[in-house]
Each structure stands twice: as C-alpha cells, then as structure tokens.
Amino acid sequence: MKLKKIAFLSFILLFFFCISCSSSKKEFASMLIYGGTIYTVDSTNTTAEAVAIKDNKILFAGSLEEAETYKNNQTKLLDLKGKTMTPGFIEGHGHFMGLGYNELNLDLINTTSYQAIIDAVAERVKTAQPGEWILGRGWHQSKWDSMPAEIVNGFQTHHLLSEVSPNNPVYLRHASGHAGFANAKAMEIAGLQNLALDGVKKYNIEGGEVLVDALGRPTGVFNEIAQTIITQHIPEKTLETDIKAFELAVKACHKNGITSFHDAGIPKETIELYEKMKSEGKMQTRIYAMLTGWDEDLLNSWYKKGIMIDDEHLFTIRSIKLNCDGALGSRGAWLLKPYTDRPDHYGHETLPMEFVRKTAINGLKHGFQVCSHAIGDRANREILDRYEVAFNELPESTSNHRFRIEHAQHLHPDDIPRFAELKVIPAMQAVHMSSDRPWAIDRLGEQRIKEGAYMWQTLLQSGVPIVNGTDVPVEPINPIASFYASVSRKTLKGTPEDGYEPSQKMTRDQALKSYTLDAAYGAFEEDIKGSISAGKLADFTIYDQDIMTIDEDKILNTKVIMTIFNGEVVYNTEK
C-alpha cells in the first residue's frame, strides 16, 4: 500500500513538473494583431481572426481565442478597427535606385504633353548652376493629350527644349527607360554636330538608334543602346546622392505597403551601397537583387563566389538580369513581324542571343536564376529557345531552376504553353496593360493584341505562377493600381467599361497571390514570406478598405494606412 502511495505521489509530481516545463517553454507574442479582416494567402486557412508575432516571425494565425493564449503583459496589442491586412506586398520587378532618384530628379511620369516637360525643365533651369546637368524620367509621348507640331517617327524634337535650357545640358529618360531625350547642349557635349554635317538620313548604332530628321540632324531622341552616346557624359553619381536616393526609396516602399523588392539589375557599385546600408541598419526593405548582365566581369566573379542568401533575409543575390530587347512605347521591343505603325521596323535585339544561351548554362552550373527582359514576341521566343537549349544540355540542374522572363508582354500564341512546359516564370507588371493598351494596338494591330498581349489568365491556367509588380520608375510603385489593373484590365481612368480583352482578367485571389506568395516563389522565398503562416516573416500591409470585396470602381481609392516590416510598424498614417 505504501509503495502504491509513493508511486501515485511520484506520478503527481511528474505531471506537475511536465506542466511546469511546458509552461516555461511557451512562446509569448511581442505583438497581437486582431479586429479586422486578415487575408493569409495560405490555402489551408485563407483568413484569420488574429495574428500573433514574436519579434520578426509569425507565431500563430487563426482564431482570436487561440491567439490570445500567446499574450502576456509584455504583448503589444494592435486593433485593426475593421481594416484589412494582407501579407506584405512584394514588388516583383522594379529598379530600387531608380525609384529613389526619381524623387531627387525631375519626375515626369504624370506629364500629359510636351509643353509640360518644357515647363518642368524651365522651372529647374532657374535654380540650376551654370553647366549643371538637368536630369529626369517619366515622359511617354503615347500618353500625351496631344502631339507637338514637329515630330519625327512619332517623337518630339529637341528645339523647344533647347530654347528653355541653352546653357544647361538636359537628358530626360523615357518612362520605359529604353529611350532618352537630349537638348542641344547635351548633344554638343557628346560631339554630335558632325552628324548634321554628314547629312545622313539615319544614324544606327548596334542595338539602338539615333533619330534624325529629313536633313540628317539629330532630333534629340536616342533609342536603346544609343543612349550611351549621351549618358557616358553625365557626371557620376556621388555616394551622398546614392544614400539619399536609397533612403527615399525605402520611404516610398513603406508608404505603399511594399516590404520586399525584386531589384531588376544592379551593378557592382550598387551592391557595395546595399551592403553598406545593411551594415548601418538602414536596409528596411528586403531586396532580392539581380546582377546586371551588362557586366560580364561582374557575372564571372559571382560565378566563382556563388549565390549569396542572406540569413537575415534583407539582401540576397542569386539571380542575373539580361536586357534582351527594348520597350513597345519606343518601338524597341523585338518583334517577329514589323510594327503596324512603322512597317520597316522590327525593334532591337539589345543583347546577343548567344550571350543569353551562355548565361543560361552558367546560371544552371552555378545555381543562379536567369531573368531575361523580353517584351516583343520575337525576344520572348528567342529567349525560350536559349533556355531550352541550356535545359537540354544540363538536365540534372533543371529540377528547380525558376528561370524567369521579365515582362513577357507580347507573346506569339505558339509560345504561351512553353512557359509551363519549360517551367519558366513570367514576371508581368499588370499596370503596364492599363498604361499601354490604349496605344499598344497601334504598334501591334488588333490580331496580335488579342492573341498574345498581356495573356495573364491563359498563362495562369497553363500552370505557371505570375510575379506581379510595377517596373518602378517606369510606373509609380503603387501596388493598388497594379492590383486594380490585374482584376479589371481597365485604364486607371476606368475605361473601357468591360476592360480590354476581359477573358484575361485575374481573379482577386490570383491578383493578391501574384503580389505575395507567387512573387515570393519567383525568388525562392515562398518558405519564409508571401503568406501569413506560422514561422514566416512578420511583414504585413494594412489598408483602409477590403480590396478583396469592395466594388471594383472603389479599388483605386484604397489607401495603405500601415506597413509592418520585420515585426515593426514602419509606416502609420494614424499616428
């Protein structure tokens, strides 16, 4: 009897010891978020009542009752007060430093006429130092309300620009970044007077074009690689301006609910800047960087070093960006058939396809994802062909390559199923459709538009994910505009009533996933972010409206009111 009593007491002590150990190991939340609609983008639990986080990781997402078991007297409480939260938006293709420098230089993205550009430059001339370069970006002639009287091949000429800035060189990049516009002073510095004296009708440079008038005089417009004739004379950026641009880009991301950014092509100098910003604790946006393919020495050095996956998930390098053709707006996109509105022109192959093949093979050998810019149908086909050659040559390295085509804007119908067959990810910026579709039909004609342009739903149904984004600074970084374009296929003015080619619309679930979990997949990061799931990073975007249920015509009125990055509130309009 005595032994039984001892055994019973031992059991009771062991039971309470286990309970005590269990309690001591209980993790408590540093923040508990509740009181609104929370979309998780997790297929096993699509919505949650509450989310518990500890420092920068998600502990739990689910019912409020269970979430409260993670609460102690140290837990901060965040009441959404009926607002909506999603995983932090991921900018799937943009140019981070371009975003920052757009804040420093002339931002022409909202200009609606040539005169508006002239006025902006004239205003900047008033405060510019003698001889100082005036730089800007964002103009797009196809979006203007009207064209000037003097045009050449659909573009304005420099004369009015040169009149308002006779002593300051001016260079204004097209919104696409694939063309630029210079005044006479800038062309004088570049030594282009001889072009007029030679009286040539057209001046070509491999992979680009200097537009000239009927007398052989440069108009000021430089297409694709020909831009370097001017840009090589623009003074180098300083570390001070780089840091300022970086800080402005971070702020812009926070304001727009962007917590991660796929930076589409960076050189050695930018890598060094990002490493400096990280070491100083200023890397407040997660950057997934692509090495610029323009610098073969840079690529070779990274092949030797191998990919760099950051344990803190702040700055990762494991991909390469190749620029293989131009943009549709500047007629630089490389087409199988000529432009409808310029029948003698097919666009430009801006990078030799042999280099694409070689880079694809090197990428597979060394573990680097290859991301190739392609807008025209020929560029897309040629890149898919080179990828396929590489996959066939190194089949043992293709199980998880996740090669991408950036933009994939205009495809030949025969090439659409090849994305799924080759497991190539299209990284497409839906807002380009809103901006470009009204005039893109002039470039491609109705048949090519309907059969192969902005083919989101067809690609999704074929079994490939789509990585969404804005291509900032080509478009404003606002993800709400791109989400709206994804589900409506309308311009940002709400036209046409049913959207362009409405069968290609994304559902709202697809659109949200393209900006979160699918974008994370496009960077090999779906296990650490992209959905609100236990163990993932605590990055969230909070809106004043429910973008998943409100009327379509109200989506564009949605405001980001709070951004949480790494478990910390980094942007809050309610303070």
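The values are calculated or read from the model by the stated rules, or taken from the named source; none is laboratory data. Just so it is clear, the structure is predicted and the values come from calculations on it, not from any experiment. Cβ sites come from the backbone with ideal geometry, for glycine too, and all protein chains shown count toward neighbours.
Some notes on this structure:
- Looking across segment 440-466, just one residue is under 20 Å from Gly329 (Cβ atoms), surrounded by fewer than 18 Cβ atoms within 10 Å (Cβ to Cβ) and of a type in the set (Gly, Ala, Ser), and that is Gly445.
- Every residue from segment 214-229 that is under 20 Å from Tyr114 (Cα atoms) and among the β-branched types (Val, Ile, Thr): Thr219, Val221
- Test: residue in segment 331-341 that is part of a helix (DSSP H, G or I) and either modelled with pLDDT of 95 or more or of a type outside the set (Asp, Glu) (or both): no
- Considering Ile555, Ile528, Ile561, Ile547, the condition of being of a type in the set (Val, Ile, Thr) and either out of contact with any Lys or Arg (no Cβ under 8 Å at 6 or more places or on another chain) or free of Cβ contacts under 8 Å to residues at least 60 places away in the same chain (or both) is satisfied by Ile555 alone.
- Matching residues in segment 488-503 - criterion: being among the basic types (Lys, Arg) and either surrounded by fewer than 14 Cβ atoms within 10 Å (Cβ to Cβ) or at pLDDT below 95 (or both): Lys493
- Matching entry among Ala427, Ala420, Ala390, Ala379 (being closer than 21 Å to Tyr303 by Cα, at pLDDT 95 or above and hydrophobic (A, V, I, L, M, F, W, C)): Ala390
- Annotation: of all residues in segment 35-50 being over 11 Å from Ser531 (Cβ atoms) and within 28 Å of the chain's Cα centre (by Cα), the one that is surrounded by the fewest Cβ atoms within 10 Å (Cβ to Cβ) is Thr47.
- Segment 68-106, residues that are assigned to a helix (DSSP H, G or I) and either surrounded by 18 or more Cβ atoms within 10 Å (Cβ to Cβ) or touching a Phe, Trp or Tyr at 6+ places or on another chain (Cβ under 7 Å) (or both): Tyr70, Phe96, Met97, Gly98, Leu99, Gly100, Tyr101, Asn102
- Checking His401, His432 one by one, the residue that is closer than 30 Å to Ile477 by Cα and without any contact (Cβ under 8 Å) to a residue 40 or more places away in the chain is His401 and no other.
- All conditions in (1) closer than 30 Å to Arg437 by Cα; (2) surrounded by 20 or more Cβ atoms within 10 Å (Cβ to Cβ); (3) touching a helix residue (DSSP H, G or I) at 6+ places or on another chain (Cβ under 9 Å) hold for Lys321, with the sole exception of (3).
- The numbered conditions (1) crowded, with 16+ Cβ neighbours inside 10 Å; (2) touching a strand residue (DSSP E or B) at 6+ places or on another chain (Cβ under 8 Å); (3) without any contact (Cβ under 8 Å) to a residue 40 or more places away in the chain are all true for Met147 except (1).
- Taken over segment 536-572, the residue count meeting the criterion of being part of a loop (DSSP other than H, G, I, E, B) and among the β-branched types (Val, Ile, Thr) is 4.
For (1) in contact with a strand residue (DSSP E or B) (Cβ under 8 Å, 6 or more places away or on another chain); (2) more than 19 Å from Glu406 (Cα to Cα); (3) among the small types (Gly, Ala, Ser), each residue gets a yes or a no:
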site: Gln457; (1), (2), (3): no, no, no
site: Val464; (1), (2), (3): yes, no, no
site: Thr470; (1), (2), (3): yes, no, no
site: Ile480; (1), (2), (3): yes, yes, no
site: Arg489; (1), (2), (3): no, yes, no
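- Residue, surrounded by the fewest Cβ atoms within 10 Å (Cβ to Cβ), within segment 521-575, restricted to residues that are among the basic types (Lys, Arg) and more than 16 Å from Lys81 (Cα to Cα): Lys554
- Selected residue (only one of Gly257, Gly281 is outside the structural domain of Ala182 (by TED's automatic domain parsing) and crowded, with 21+ Cβ neighbours inside 10 Å): Gly257
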